[in-house]
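Data first, discussion second: the structure below is written as structure tokens.
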Amino acid sequence: MLEFLFGKKNQEDAKDIKINEIYSNLKKEYPFDKISDERKKELSDLIDKYGYLPYPYIKALEELSPQEILFGLEKKWSANGIFKDGKFSFENKNISALARNNVNDSSWIKKEGHNIKLINLAGLGNGNVTKTPGKFIDWLRQLLILPTGNLENNIFNTTMYIIPFHPREFGCAYLPKSSEVSEALLDKKIESLTGLDAKGQVQTFITLAQLAGHPVIYDILPQTGRFSKAVLANPEIARWFDINILSTELDKNIDKIAKNLPKSIDEEDIELVKNIYKESLSGSAGDLSAHYKNIYDTFDSLMDEAKKELSNVMMKKENQTKINKRARDIIAKIHGFKNNQKLTEDDITKQIDAIQELIKEGLWPAPGGAWCSAGVPVYDKMSECGGYPTFKHYDYKGDDVTGFANLDCQTPYYFCFLEDGSFNEPVIDYFIEYMLNLQQEYNFDGFRVDHIDHIVDKVSESHGRPISYRAPRIVLNKLNKAMKAKVPYFGTLAEYMLWDDFLKEYHKGMSFDLLWGNDIVSQCEKTPEKITEDNQHLANYNVNYKKGEKLSILKTYNNQDGEFRCIDQYPGQLGENGALFKWFKYKFLPGGKFAQRPMLYVDGDESFTHRGIESVIGEEISMPRENHADFYRKFNAIDMFVKSQPIITDGEAQIISQDDDGFAAWIISKEPLKISFLVVVNYKYETEKVSKCDEDGNSYSEIVNGEPVYDKHIHLPGDYIIEKEHYIDGNEFVSKAIECADSTLNFDKLEPCEFRVYELKKA
């Protein structure tokens with residue numbers, strides 16, 4: 001069934017036939033006659049009005065039966081013109097909503113007002129009750145509540161951004177063991193009903209999401225898990241260390257150093273410490289007295305250069321060719337393959353056995369390093385338990401940056417020969433072909449590329465030549481161009497947080513449409529005025545580019561890194577009103593024609609889940625959630641209002657006033673329209689963690705509480721008059737007429753995070 005539905009051999013077979021077969025089996029198990037007429041009407045009325053079911057996900061988890069989920073989704077599918085009389089009908093090429101709407105470039109993903117929601121499939125179960133990962137019906141539940149867009153305003157339905165769903169090493173989503181779909185995601189009941197395995201269930205879900213009008217993008221990696229099936233099937237895609245050879249050579253260097261130590265050190269002490277040092281390289285550990293620790297440290301410092309030299313020599317192409325062959329021979333022997341047999345991941349059926357034999361022979365893939373490391377990782381010694389090798393990392397200046405390293409479990413692709421800066425073309429071709437196949441297997445509408453934040457910095461490049469383990473810009477340019485040649489509307493998002501403002505390098509140099517942005521790491525700096533400055537900076541860059549070629553930078557409400565302690569800028573720290581204001585602030589500060597910027601948020605943000613995504617990045621479990629219906633209603637109301645207002649999504653915000661105490665006001669207008677919006681706020685958060693520096697220049701964090709502002713005034717610009725005020729009432733914005741005798745608005749008091757929205761008209 002799966003080969004027929006998704007395989008390469010039957011690309012011309014009608015996929016709607018098999019989708020209907022799958023769906024028919026689901027309907028038999030979950031018939032609609034179990035839903036009362038009253039409930040059907042309630043659900044229908046809501047979905048007809050909004051285009052989706054406006055429930056926070058915890059409410060959907062607690063209240064919706066599988067029957068109700070399918071009933072509601074039929075409404076979404078029908079609205080997309082691909083479902084009628086209980087059946088799907090679509091052409092293979094028109095599964096994506098972008099294809100169905102004849103989109104021929106990537107401008108859709110850059111549109112102001114468009115949302116991108118980060119979702120972890122494993123996290124979609126009810127984490128308040130169980131850690132069991134979310135399964136197929138849970139995914140459909142999320143799909144039902146996923147907000148629609150406004151195609152009349154050129155805003156597509158919310159893009160679903162899925163983080164990696166492969167089997168995980170150490171539980172981490174960004175350490176894939178293989179390209180397979182994690183068995184933790186398999187719904188055995190769905191398998192028995194439909195015949196779909198874990199991969200088939202994910203593929204089917206993505207298809208159903210796209211048929212409901214939602215673009216789907218995926219997280220891709222320029223690295224893989226340490227001993228992933230990709231590495232075992234193709235050892236040449238990685239650099240390798242032979243720890244046994246390195247240990248032998250280091251022993252020889254220790255003996256040389258021992259002979260050349262100062263004569264003032266007792267020979268017996270030298271011999272004793274020499275043997276201890278040798279044992280430490282193998283993973284033995286123990287406490288030393290100060291006297292012996294000094295001698296030990298002398299050994300260690302003198303060994304650094306030898307370690308660097310040996311690691312650098314081993315990483316050279318000629319030695320890597322030999323080690324790659326050894327690794328391939330070992331893997332072939334374990335599996336009973338011919339030595340030169342070309343392998344795929346599917347051929348690796350004895351992954352654990354192969355890993356154990358490689359380790360026995362001393363062969364380990366070379367790891368990544370720190371964000372600022374350059375050159376090759378330097379083998380230091382075995383871990384204290386002796387189970388794995390540890391490495392030191394240095395930056396381009398030669399300074400030790402091992403303390404920043406967190407990627408020793410990853411295997412970066414062997415894209416470049418660092419000894420001369422030339423490129424490893426077969427590995428680049430492998431990588432691009434892998435990603436092309438991945439897109440084809442799941443029909444993704446775009447990719448977000450992980451871990452490419454510093455690839456054109458001086459830490460990773462020197463005079464255009466790569467000097468680190470990171471993916472070189474030439475590789476990413478080739479990848480993105482290949483994707484866009486295959487899928488014209490394909491959207492490409494770079495994890496780049498605007499260090500050193502390399503806009504052109506990522507945009508024109510690497511063909512990215514969208515950049516990560518620095519909103520999370522710079523949260524406390526993003527006043528309304530600063531956001532408009534960001535918008536203007538982007539507009540200045542884009543002014544010379546055509547519509548489909550313009551660059552965009554995310555307005556990031558939250559992302560998968562926001563909750564991690566090293567960043568610690570998650571919206572939940574701002575308090576309920578603060579988190580809502582952050583959403584409002586970004587939604588109501590558009591950048592105009594040349595600075596169109598979509599919004600990124602994380603599953604759970606819509607109902608004020610303080611923390612949650614961090615836990616499911618590191619483990620395949622369901623995410624805990626807040627049950628905050630009032631916050632959800634306001635969050636949703638802001639989103640719906642903006643999508644319905646071309647003045648906002650196509651217009652530009654201009655700051656009228658911003659005071660240090662928190663008072664700010666701006667106008668949103670779009671020429672030649674005579675209607676504009678005036679926004680007045682107290683932009684100070686109720687509570688916020690702010691980074692500060694002491695007198696010595698040391699940074700620290702401090703909780704700052706916002707205060708009300710009093711007795712503020714706004715003089716209406718030009719010939720504007722106020723017609724009405726818009727405010728949230730229940731599930732949506734409503735308005736009331738306002739009569740203003742003069743051109744001045746007075747505000748006795750505005751609480752922190754309070755916002756006012758007025759509609760203006762030119763007299």
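Numbers at a glance
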quantity	calculated
Matching strands (runs of 3 or more DSSP E) fully within region 666-763 where at least 3 residues are among the hydroxyl-bearing types (S, T, Y)	699-705
Residue in region 453-472 that is among the charged types (D, E, K, R), assigned by TED's automatic domain parsing to the domain that holds I119, within 25 Å of V487 (Cα to Cα) and more than 19 Å from the chain's Cα centre (by Cα) present	no
Residue in region 680-692 that is surrounded by fewer than 22 Cβ atoms within 10 Å (Cβ to Cβ) and modelled with pLDDT of 95 or more present	yes
Test: P717 is in contact with a Lys or Arg (Cβ under 7 Å, 6 or more places away or on another chain), of a type outside the set (D, E), outside the structural domain of A595 (by TED's automatic domain parsing) and farther than 25 Å from R597 by Cα	no
Neighbours by Cβ (under 8 Å, 6+ apart or cross-chain): first from region 730-749, closer than 24 Å to D719 by Cα; second at pLDDT below 95 and among the aromatic types (F, W, Y)	S743/Y720
Among (1) loosely packed, with under 14 Cβ neighbours inside 10 Å; (2) more than 39 Å from the chain's Cα centre (by Cα) - the single one E305 does not satisfy	(2)
Selected residue [among the polar types (S, T, N, Q) and at pLDDT below 95] from S615, S607	S615
Residues that are assigned to a helix (DSSP H, G or I), loosely packed, with under 14 Cβ neighbours inside 10 Å and either of a type in the set (S, T, N, Q) or not assigned by TED's automatic domain parsing to the domain that holds K381 (or both), drawn from region 265-293	N275
Residue list for region 542-559, restricted to those being touching a helix residue (DSSP H, G or I) at 6+ places or on another chain (Cβ under 9 Å), in a loop (DSSP other than H, G, I, E, B) and closer than 25 Å to W583 by Cα	K550, L551, Y557, N558, N559
Odd one out for P215 among (1) farther than 30 Å from K75 by Cα; (2) in contact with a strand residue (DSSP E or B) (Cβ under 8 Å, 6 or more places away or on another chain)	(1)
Scope region 513-544; condition polar (S, T, N, Q), under 21 Å from the mean Cα position of the chain (by Cα) and buried (at least 22 other Cβ atoms within 10 Å of the Cβ); matching residues	Q523
Residue match in region 381-394 (condition: more than 29 Å from D287 (Cα to Cα), in contact with a helix residue (DSSP H, G or I) (Cβ under 7 Å, 6 or more places away or on another chain) and in contact (Cβ under 8 Å) with a residue 60 or more places away in the chain)	no
Matching entry among D453, D420 (being more than 26 Å from I162 (Cα to Cα) and not in a helix (DSSP H, G or I))	D420
Residue list for region 160-183, restricted to those being touching a strand residue (DSSP E or B) at 6+ places or on another chain (Cβ under 8 Å) and on the phi > 0 side of the Ramachandran plot	none
Residues that are closer than 27 Å to G200 by Cα and among the small types (G, A, S), drawn from region 100-141	A122, G123, G125, G127, G134
Options G697, G662; residue that is out of contact with any Lys or Arg (no Cβ under 7 Å at 6 or more places or on another chain) and at positive phi	G697
Which listed residue, of S669, S735, S699, is surrounded by 15 or more Cβ atoms within 10 Å (Cβ to Cβ) and either over 22 Å from I531 (Cα atoms) or among the small types (G, A, S) (or both)	S669
Count - residues of region 246-276 that are without any contact (Cβ under 8 Å) to a residue 60 or more places away in the chain and under 28 Å from E361 (Cβ atoms)	11
Region 566-607: number of residues that are in contact (Cβ under 8 Å) with a residue 12 or more places away in the chain and in a loop (DSSP other than H, G, I, E, B)	16
Hits in region 341-371 - residues which are surrounded by 16 or more Cβ atoms within 10 Å (Cβ to Cβ), over 17 Å from K325 (Cα atoms) and of a type in the set (A, V, I, L, M)	A370
All positions within region 545-579 that are closer than 22 Å to V704 by Cα and surrounded by fewer than 22 Cβ atoms within 10 Å (Cβ to Cβ)	F564, R565, C566, I567, D568, G572, Q573, G575, E576, N577, G578
Hits in region 363-375 (condition: under 17 Å from A332 (Cα atoms) and assigned to a loop (DSSP other than H, G, I, E, B))	none
Tally, over region 620-665, of residues that are of a type in the set (D, E), at pLDDT 95 or above and not in a helix (DSSP H, G or I)	6
Spans of strands (runs of 3 or more DSSP E) in region 152-258 with at least 2 residues surrounded by 23 or more Cβ atoms within 10 Å (Cβ to Cβ)	159-162, 172-176, 223-225, 240-242
Test for Q210: is it at pLDDT 95 or above, of a type outside the set (V, I, T) and within 22 Å of K93 (Cα to Cα)	yes
Enumeration of residues in region 93-113 that are within 15 Å of Q210 (Cα to Cα) and either assigned to a loop (DSSP other than H, G, I, E, B) or under 20 Å from the mean Cα position of the chain (by Cα) (or both)	I95, S96, N101, N102, V103, W108, I109
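The values are calculated or read from the model by the stated rules, or taken from the named source; none is laboratory data. Worth saying up front: this structure is predicted, and the values here are computed from it rather than measured. Backbone-built Cβ (ideal geometry, glycine too); neighbour counts: all protein chains shown.
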